[in-house]
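Have a look at the structure below before the remarks.
Every number in this text was worked out from the coordinates using simple rules, so none of it is lab data. Since we're looking at a predicted model, the values are computed, not measured. So basically every Cβ, Gly included, is an ideal-geometry build from the backbone, and we count neighbours across all protein chains shown.
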Amino acid sequence: MRRVLIIDDEDDIREVAALSLEATAGWEVLTAGSGAQGIEVAVARQPDAILMDVMMPGVDGPTTFLQMRANPAIEHIPVLLLTAKVQGIDKRRFAGLGVAGVLFKPFDPLTLADQIAETLHWTGTAVDESNAERPSAKH
């Protein structure tokens with residue numbers, strides 16, 4: 001089962017995204033309300049991916065991403081930024097950071113898991129992945 005960490009300062013966004021990923025993909029979802037809390041959770045729980053808001057009070061998403069890349073315990077975890085900014089200059093700036101991808105708000109809860117899986121090149125659906133982990137009776 002995939003484990004995804006959602007870092008967003010808005011409770012509603014975290015809740016909708018978490019419910020979406022759990023219901024549509026069967027993924028385990030971890031949440032954090034700030035970049036600092038997100039780094040703590042990522043170090044402790046080692047998610048397969050991180051979905052992080054760009055605009056957060058205090059330390060924003062891009063700055064948190066750079067802090068994650070400087071931490072050997074979590075530097076390997078792919079990060080997708082979640083933003084309402086869709087201007088070309090913002091897309092280029094985010095891509096220049098080295099993030100795995102950028103997803104846009106508002107997102108469709110029914111397709112969020114698919115967008116994440118496609119961006120990260122995760123193959124198959126949650127059902128396919130869970131079946132692949134079980135030993136097959138056929139040889």
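Grab the DSSP H runs of the chain that are 4 residues or longer, score each as -39,500 (n - 2.57), total them, divide by all residues and round the 222 nm result to the nearest 500 deg cm²/dmol.
So the calculated ellipticity at 222 nm is -13000 deg cm²/dmol.
Starting from region 1-69, pick out the GluC sites (Glu not before Pro) whose DSSP state is loop and whose Cβ has at most 15 other Cβ atoms within 10 Å.
Within region 1-69, the qualifying GluC sites (Glu not before Pro) (loop, at most 15 other Cβ atoms within 10 Å) are E10.
Could you give the size of the charge dipole of the chain about its Cα centre, using +1 on the Cβ of each K and R and -1 on the Cβ of each D and E, expressed in debye and rounded to the nearest 20?
480 debye
Quick check: pseudo-label points 7 Å beyond the Cα along Cα→Cβ at A100 and L66, how many nm apart are they?
For A100 paired with L66, the spin-label model returns 2.2 nm.
Of I7, W27, A100, which is farthest on the positive side of the dipole of region 3-121, counting Cα position, with +1 on Lys and Arg Cβ, -1 on Asp and Glu Cβ, and the Cα centre as origin?
A100
Residue farthest toward the positive end of the dipole of the chain, with Cβ of Lys/Arg at +1 and Asp/Glu at -1: which of L120, T83, L110?
The residue sitting most towards the positive pole is L120.
Multiplying the sequence separation of V59 and M1 by 0.36 nm and subtracting their Cα-Cα distance, what value in nm do you get?
Contour length minus Cα-Cα distance gives 17.9 nm.
So if R0 is 22 Å, what FRET efficiency would Q46 and K85 give, r being the distance between their Cβ atoms, rounded to the nearest 0.05?
According to the calculation, E is roughly 0.15.
Given 0.36 nm per residue, what is the gain on full extension from T24 to L110 after removing their alpha carbon distance, in nm?
30.3 nm
7 Å from Cα along Cα→Cβ at both H76 and E118: what's the point-to-point distance in nm?
Rounded to a tenth, the inter-label distance reads 2.8 nm.
For region 3-121, how big is the tail of P(r) above 21 Å, as a whole percent of Cα pairs?
Roughly 29 percent, rounded to a whole number.
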